[in-house]
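Here is the structure we will look at, set down as structure tokens.
The values are calculated or read from the model by the stated rules, or taken from the named source; none is laboratory data. Fair warning: this is a prediction, and the values are worked out from it, not measured in the lab. Positions of Cβ are generated from backbone atoms using ideal geometry, with glycine treated the same way; all protein chains shown enter the neighbour counts. Protein only, heavy atoms only, side chains kept; ligands, DNA and RNA dropped before computing areas. Shrake-Rupley method; radii C 1.70, N 1.55, O 1.52, S 1.80 Å.
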Amino acid sequence: MSSEQFFGALFLVAGSFVVLYGVRLFVETRAFFRRAGRSMGTVVRRVLSKPASWQPALYHPVVLFHTQEGEQILLEVADPMVDIRCRVGTTLPLAYDGSDPKRVKVGMRQWYDVAMVFYLGILVSAAGIVLTYQHLH
């Protein structure tokens, strides 16, 4: 077995694990959205994230929203956003966990993580296939 075939097999295994993680993430995300309540949140302030020097400034919006039961929730969104998407006064579509309303996903990025995990897994797997089988022909 050549070193290219070895690394190809390694990439194929790693890519397969990433794809399997993507399947798990998809199932968990779909389950979250099936049981989630929906609301519109208003950005009341924002917290500057600590980006790398080459990144644009990112912010964690602090949003105020009401659950379907009328409970008022104020929280800082975990996912950072660019300035234009989270200025004070901006309304954001939210999905929140009914049993824990502080567990929130912002509507604009609902499936982003799942898509990126699948994309990465497919790329790594494809590289593994190319490296493993390129010398067979």
Selected residue [open to solvent by less than 90 Å² (accessible area, probe 1.4 Å), out of contact with any Leu (no Cβ under 9 Å at 6 or more places or on another chain) and not in a strand (DSSP E or B)] from Phe26, Phe11, Phe17: Phe26
One residue from Leu92, Leu120, Leu48 being of a type outside the set (D, E, K, R) and over 18 Å from the mean Cα position of the chain (by Cα): Leu48
Test: Phe118 is surrounded by 14 or more Cβ atoms within 10 Å (Cβ to Cβ) and either in a strand (DSSP E or B) or out of contact with any Gly (no Cβ under 6 Å at 6 or more places or on another chain) (or both): no
Residue ID - nearest to Gln72 (Cα to Cα), chosen from residues in segment 26-47 that are among the charged types (D, E, K, R) and in contact (Cβ under 8 Å) with a residue 40 or more places away in the chain: Arg38
Test for Arg103: is it among the basic types (Lys, Arg) and in contact with an Asp or Glu (Cβ under 7 Å, 6 or more places away or on another chain): yes
Every residue from segment 56-90 that is in a strand (DSSP E or B), more than 12 Å from Arg46 (Cβ to Cβ) and open to solvent by 80 Å² or more (accessible area, probe 1.4 Å): His66, Gln72, Leu74
Looking only at segment 29-47, and only at residues there that are touching a Leu at 6+ places or on another chain (Cβ under 8 Å) and of a type outside the set (S, T, N, Q), the one that is nearest to Phe118 (Cα to Cα): Arg38
Residues satisfying the stated conditions in segment 78-127, i.e. farther than 15 Å from Phe17 by Cα and among the β-branched types (Val, Ile, Thr): Val82, Ile84, Val88, Thr90, Thr91, Val104, Val106
